[in-house]
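Peer 1: This is the structure I have questions about; it appears just below.
The values are calculated or read from the model by the stated rules, or taken from the named source; none is laboratory data. Note that this is a predicted model, so its numbers are computed, not measured. Methodologically, a virtual Cβ is constructed for each residue, glycine included, from the backbone with ideal geometry; neighbour enumeration extends over all protein chains shown.
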Amino acid sequence: MSERVNLLIDPARRQHIAVDLPLTQKVPREEAGRRLGLPTFIDLSDPQVGKAVSLLEAIHRERPAIRVALFGGTACRLRCPSSNDPESGLRRTLHDLDLAVPFDDVRRLRTFLEGLARQEGSALQFFETPADHVFNSFGEGLRLRYHTLLHVEGNQIELGTVDLIADEFHFCHRIDLRDDLDRAARSGWTISPALLLLTKLQFIQRVPSSGSGPVPERVLEPIGRSSVAIGPEAKDVQDILAILRDHALDGSPASIEIERILALTRETWGLWKTVSLTLAMVERSPVLARMRTEAREDCAEKIHRLRQVLAQNEPPHRRRLLGGPWWTEVDSPETIDRAGEIS
């Protein structure tokens, strides 16, 4: 017997939503995984992974089809055995669900998400917080954010964030995802390994030189006299290494397609620069050093090979503002606490 309760999700604004407890879903996550034909190495007991798989299965039943693909850490769980293995050193906690969709399908997907709990159960409830409303009003339909319910214990509920992007990954650099979105339902429900790797390799941020002390392993290179560029956090390095560990470097779509990476980095010197620096950072990362011998050597060999290929294919045009960064500076949007309270 379900009970409707009020969940306080934003104490600062006294924002509540109605939730039916206990959390239920029409199709169990294990059955959803089987229906989608997903690999058995995926740990569906993880709340965010289980929710992602259940969401994908519900979307898969929609007609006409909504084209979607996962990216980010949850995509790594669907693609990489190492991301699921607690002994690999590459499994990490997930809080975010990252979903890409063609711009033409954004409105349908929003309507679908907002009504999903009524059709599939309260475990698949998606909602906007006040901060999400503000963020989404400025996104022009190209980037949107929702929140969802991950886990209930006593009167506490753990919340997860859902980031939705349209057509392209636009972070420090732009990467067109539309080809991957068209074939995601036939190739594992994520963007391709090559683009997944490129999205993970392009985090870059400028900080004062004095502020790099706590993160020396993330330093990419100095910028001027008083700043340094830093690369991805350890959690993203774990994802990068999992992608490398679990995929070959060759020309097949199921692998890390080197030619596809080169096609994109040849177009933009800034992307080539960021990817080259970040691979060098990962090569000396403590995360790589702590991996088991065979896995560490395999990843190190692939990193070395990618760096060599990139070095041999540097774009000829270094177009950027004089004295400015070669990447787009990205600010983290305001969010809410990851926990809600039943009131």
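Peer 1: All but one of (1) under 16 Å from the mean Cα position of the chain (by Cα); (2) at pLDDT below 95; (3) farther than 20 Å from Pro102 by Cα; (4) not small (Gly, Ala, Ser) hold for Pro216; which doesn't?
Peer 2: Exception for Pro216: condition (1).
Peer 1: Within the group Glu128, Glu153, Glu158, Glu168, which residue is surrounded by fewer than 22 Cβ atoms within 10 Å (Cβ to Cβ), out of contact with any strand residue (DSSP E or B) (no Cβ under 7 Å at 6 or more places or on another chain) and of a type outside the set (Gly, Ala, Ser)? Lay out the reasoning, then the answer.
Peer 2: Values: Glu128 fails: out of contact with any strand residue (DSSP E or B) (no Cβ under 7 Å at 6 or more places or on another chain); Glu158 fails: out of contact with any strand residue (DSSP E or B) (no Cβ under 7 Å at 6 or more places or on another chain); Glu168 fails: out of contact with any strand residue (DSSP E or B) (no Cβ under 7 Å at 6 or more places or on another chain).
Checking each option against the conditions leaves just Glu153.
Peer 1: Could you run through the range 243-264 and say how many residues are assigned to a helix (DSSP H, G or I) and in contact with a strand residue (DSSP E or B) (Cβ under 8 Å, 6 or more places away or on another chain)?
Peer 2: Start the filter on the range 243-264 by keeping residues that are assigned to a helix (DSSP H, G or I), which leaves 243-245, 258-264.
Then keep just the ones that are in contact with a strand residue (DSSP E or B) (Cβ under 8 Å, 6 or more places away or on another chain); that gives 243-244, 258, 264.
Residues flagged as assigned to a helix (DSSP H, G or I) and in contact with a strand residue (DSSP E or B) (Cβ under 8 Å, 6 or more places away or on another chain) within the range 243-264 amount to 4.
Peer 1: Hey, another quick one. Mind listing whichever residues of the range 274-318 are basic (Lys, Arg) and under 19 Å from Ala229 (Cβ atoms)?
Peer 2: Let us first name the residues in the range 274-318 that are basic (Lys, Arg), namely 284, 290, 292, 296, 302, 305, 307, 318.
Within the range 274-318, Arg284, Arg307, Arg318 qualify.
Peer 1: Filter the range 126-154 down to residues that are more than 20 Å from the chain's Cα centre (by Cα) and either closer than 15 Å to Leu109 by Cβ or in a helix (DSSP H, G or I) (or both), then give me how many there are.
Peer 2: Residues flagged as more than 20 Å from the chain's Cα centre (by Cα) and either closer than 15 Å to Leu109 by Cβ or in a helix (DSSP H, G or I) (or both) within the range 126-154 amount to 5.
Peer 1: Same structure, new question: Scanning for something more than 30 Å from Ala185 (Cβ to Cβ), crowded, with 19+ Cβ neighbours inside 10 Å and not assigned by TED's automatic domain parsing to the domain that holds Pro86, does the range 295-307 turn up at least one residue?
Peer 2: Within the range 295-307 (the criterion being more than 30 Å from Ala185 (Cβ to Cβ), crowded, with 19+ Cβ neighbours inside 10 Å and not assigned by TED's automatic domain parsing to the domain that holds Pro86), the answer is yes, since at least one residue qualifies.
Peer 1: Moving to a separate point now. Taking the conditions exactly as written (free of Cβ contacts under 8 Å to residues at least 60 places away in the same chain and over 30 Å from Gly89 (Cβ atoms)), does Gly211 satisfy them or not?
Peer 2: Working: free of Cβ contacts under 8 Å to residues at least 60 places away in the same chain: yes; over 30 Å from Gly89 (Cβ atoms): no.
No.
Peer 1: What number of residues within the range 155-176 are out of contact with any Asp or Glu (no Cβ under 9 Å at 6 or more places or on another chain) and either assigned to a strand (DSSP E or B) or not assigned by TED's automatic domain parsing to the domain that holds Ala18 (or both)?
Peer 2: Qualifying residue count, the range 155-176: 2.
Peer 1: Let me ask something else about it. For the condition at negative phi and among the small types (Gly, Ala, Ser), what is the one hit in Gly188, Gly139? Reasoning before the result, please.
Peer 2: Values: Gly188 fails: at negative phi.
Sole residue among the options that is at negative phi and among the small types (Gly, Ala, Ser): Gly139.
Peer 1: I've got another one for you. Give all pairs with beta carbons closer than 7 Å in which a residue from the range 19-47 that is closer than 25 Å to Gly115 by Cβ meets a residue that is among the aromatic types (Phe, Trp, Tyr) and at pLDDT 95 or above; count only pairs at least 6 apart in sequence or on separate chains.
Peer 2: Final answer for the pair search is Leu36/Trp189.
Peer 1: Moving on to the next point. Yes or no: the range 222-242 includes at least one residue that is touching a strand residue (DSSP E or B) at 6+ places or on another chain (Cβ under 7 Å) and part of a helix (DSSP H, G or I). Spell out the reasoning first.
Peer 2: Step one: of the range 222-242, the residues touching a strand residue (DSSP E or B) at 6+ places or on another chain (Cβ under 7 Å) are 222-223, 226-231.
Filter again for part of a helix (DSSP H, G or I), leaving none.
Checked against the condition, which is being touching a strand residue (DSSP E or B) at 6+ places or on another chain (Cβ under 7 Å) and part of a helix (DSSP H, G or I), the range 222-242 yields no hits at all.
Peer 1: Let me ask something additional. If you take the residues in the range 233-257 that are free of Cβ contacts under 8 Å to residues at least 60 places away in the same chain and among the β-branched types (Val, Ile, Thr), which one is surrounded by the most Cβ atoms within 10 Å (Cβ to Cβ)?
Peer 2: Ile240
Peer 1: Can I ask one more? Report, ordered by the first and then the second residue, all pairs with beta carbons closer than 6 Å, sequence separation of six or more or different chains, a first member in the range 73-92 that is under 22 Å from Glu297 (Cβ atoms) and buried (at least 24 other Cβ atoms within 10 Å of the Cβ), and a second member that is of a type in the set (Lys, Arg) and at pLDDT 95 or above.
Peer 2: The qualifying pairs are Ser82/Arg245; Ser83/Arg77; Ser83/Arg91.
Peer 1: Pick out the one residue from His60, His95 that is surrounded by fewer than 19 Cβ atoms within 10 Å (Cβ to Cβ), within 15 Å of Asp236 (Cα to Cα) and either outside the structural domain of Ile42 (by TED's automatic domain parsing) or touching a residue at least 12 places away in the same chain (Cβ under 8 Å) (or both). Walk me through how you get there before you give the answer.
Peer 2: Details: His60 fails: within 15 Å of Asp236 (Cα to Cα).
Exactly one residue qualifies, and that residue is His95.
Peer 1: I've got another one for you. Can you name the strands (runs of 3 or more DSSP E) wholly within the range 1-115 that have at least 3 residues being within 19 Å of the chain's Cα centre (by Cα)? Full working, then the answer.
Peer 2: Values: elements: 3-10, 15-21, 69-71, 96-101.
By residue number, 69-71, 96-101.
Peer 1: Name the residue, out of Thr268, Thr274, that is of a type outside the set (Asp, Glu) and at pLDDT 95 or above.
Peer 2: Numbers: Thr268 fails: at pLDDT 95 or above.
Being of a type outside the set (Asp, Glu) and at pLDDT 95 or above holds for just one of Thr268, Thr274, which is Thr274.
Peer 1: Which condition number in (1) at pLDDT 95 or above; (2) under 23 Å from Glu168 (Cβ atoms) is the one that Ala65 fails?
Peer 2: Condition not satisfied by Ala65: (1).
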